[in-house]
1. How far, in degrees from 0 to 90, does helix 33-43 lean away from the longest principal axis of the Cα atoms of the chain, to the nearest 10?
2. Looking at V190, L43, N114, which one has the Cα that reaches farthest to the positive end of the dipole of the chain (charges on Cβ: Lys, Arg +1; Asp, Glu -1)?
3. Can you tell which of T37, T85, T151 shows the greatest fluctuation in a Gaussian network model of the chain with Cα springs below 10 Å?
4. In a GNM of the chain with a 10 Å cut-off on Cα contacts, which of I75, I35, I134 has the highest mean-square fluctuation?
5. Which of G101, G79, G138 ends up with the largest GNM mean-square fluctuation for the chain, with Cα atoms connected below 10 Å?
6. Can you give me the distance in nm between label points at Q179 and S145, each placed 7 Å from the Cα along the Cα-to-Cβ direction?
7. Students often get this wrong, so try it: which of [x] 36; [y] 47; [z] 50 is percent of Cα pairs over 24 Å apart as calculated from the structure shown?
8. Using label points projected 7 Å from each Cα along Cα→Cβ, tell me how many nm separate S8 and L48, to one decimal.
Amino acid sequence: MYYIVRYSGPFGFIKPWTAVRDSETFSLQFLTPSIVTGIERKLFPELLKNNDGEIKKIFGHRLSYKQISQQQEQIQPRGWNEKGTINNKYYERPYAILIRGVMVEPVLFLAFLNFRDADIASKQHICLSRNEDILYPGDEIIEVSKKAFDTDEDLFSGFELVFENKEQSFLVGYNRYRQNEKMFGYIKIVGTPVKNNY
């Protein structure tokens, strides 16, 4: 049995992995193991003690949205560039523009194995990617079977990266807690993750 908490926001949030330039690399629409681990540590800070980077309380998730809005952002690198001549030096930090994809009206479901964990999670907001990307919990905790969570296309549609190494899996990152061991997963799509009703 799963206990599901639904998070949503009437605004957009920066989609996962969009720290790269979207014009060069199309960012992903699913949550990576490190993002799910980060959400879990925010909801359950006691897991930060003896942190091994493993996901312990979130046993499934599902992410959907209405559209992706391309937003421009002005950035500067950390370092300074030395310019000029020997007698007339100056330092500058050049500006650049990058395109970030923002998910509009995102919905995220988090699945827990017990009511207590779901209850704790249902009283807190979560962040994705950056602190200003906030999602708020719904009013109720939904109790469903794992099968219903995986098959109910009307209620639980969305993208989910299943953290398993199977034939259809691909590399999704490196676990810094385990000597940069490779992490694998595969995409599970339930229903229509990109909503078309406005």
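All of the numbers you see were taken from the coordinates with simple rules; none came from a lab. Since we're looking at a predicted model, the values are computed, not measured. All Cβ positions, even for glycine, are placed from backbone atoms using ideal geometry, and neighbour counts span all protein chains on display.
1. Orientation of helix 33-43: about 70 degrees from the principal axis.
2. Projecting each Cα onto the dipole axis, the largest value belongs to L43.
3. T85
4. I75
5. G79
6. Here the modelled spin labels are 4.3 nm apart.
7. [y]
8. Rounded to a tenth, the inter-label distance reads 3.1 nm.
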